[in-house]
Amino acid sequence: MAKKQFAIIGMGRFGSSVAKALSSMGYDVLAIDADEQRTQEISGIVTHAVSADSTDEEALRALDIHHFDVVVVAIGENIQASILTTLILKDLGVRTILVKAQSELHGKVVGKIGADKVIYPERDMGLRVAHHLASPNILDYIELSPDYSILDMKAAGSLLGRNLKELDIRAKYGCNVMAIRHGDEMNIAPRAEDRLQEGDVLVIVGHKDNLARLEAAYSREEPARSGWRSRF
């Protein structure tokens, strides 16, 4: 089976991070940016790096952009360029288009003109940080859709030493434990009899309201932080 081929348009912080990560996984990556210096900086890491204007249809056509499995539009502040690039990619027949959006409105526009998935890196990172600050046991939080999310929750407090049947997370909170991670090992089919131990991380999916109830229930077990007191 041939390896997937990716094209990343925009070598800012987000785009270059995606390009480097995909390259490290062994995928073929084409990096595109209008700034020649940026393409030179990434050229030693990705398969190919090209300086081109992504709002120029002929330039993208010359790169055979439609042959790539996935194209990520990671253009920074220039929303007009992001929208026009997405439209051109759709017209050229690109199979899967992911677009980094600066705002909800930007996301709605590119979604209507053909983006298969819209990414909000700043908003998503804010969500992850907020959930971790509210409950240090929440290690990660990812939105799957407007209503459903997935979180990584460290096994601590009353979770330790109990099995999934005893915890009965699905019945109590309407959430499903998809997997249990321990170090580099991932149990993707946890059994009801599996007991949680120190270092385990539960991968849980559910409706955001149900996840919030689950998060609130186990955050109450954490010891109060000292050093300052809220004035409100």
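The values are calculated or read from the model by the stated rules, or taken from the named source; none is laboratory data. Quick caveat, the model's predicted, so the values are computed rather than measured. No Cβ is skipped: glycine too gets one built from the backbone with ideal geometry, and neighbour counts run over all protein chains shown.
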Is region 42-55 home to any residue that is in a loop (DSSP other than H, G, I, E, B), hydroxyl-bearing (Ser, Thr, Tyr) and touching an Asp or Glu at 6+ places or on another chain (Cβ under 8 Å)? yes
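Output the residues belonging to region 142-181 that are part of a strand (DSSP E or B) and either small (Gly, Ala, Ser) or out of contact with any strand residue (DSSP E or B) (no Cβ under 9 Å at 6 or more places or on another chain) (or both). Before the answer, list the steps.
So the first thing to find is which residues in region 142-181 are part of a strand (DSSP E or B), and the list is 142-143, 148-154, 163, 176-181.
Listed by number, the residues that qualify are 149, 179.
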Quick check on this structure: which one of 90, 100 is touching a residue at least 24 places away in the same chain (Cβ under 8 Å), of a type in the set (Lys, Arg), crowded, with 17+ Cβ neighbours inside 10 Å and assigned by the TED database to the domain that holds residue 12? 100
Assess whether residue 86 counts as being more than 17 Å from residue 16 (Cα to Cα), of a type in the set (S, T, N, Q) and assigned to a loop (DSSP other than H, G, I, E, B). no
Give region 7-33 a look and list any residue that's modelled with pLDDT of 95 or more and either farther than 12 Å from residue 49 by Cα or of a type outside the set (A, V, I, L, M) (or both), or say none. 10, 33
Is it the case that region 66-75 has a residue that's in the same structural domain as residue 106 (by the TED database) and in a helix (DSSP H, G or I)? yes
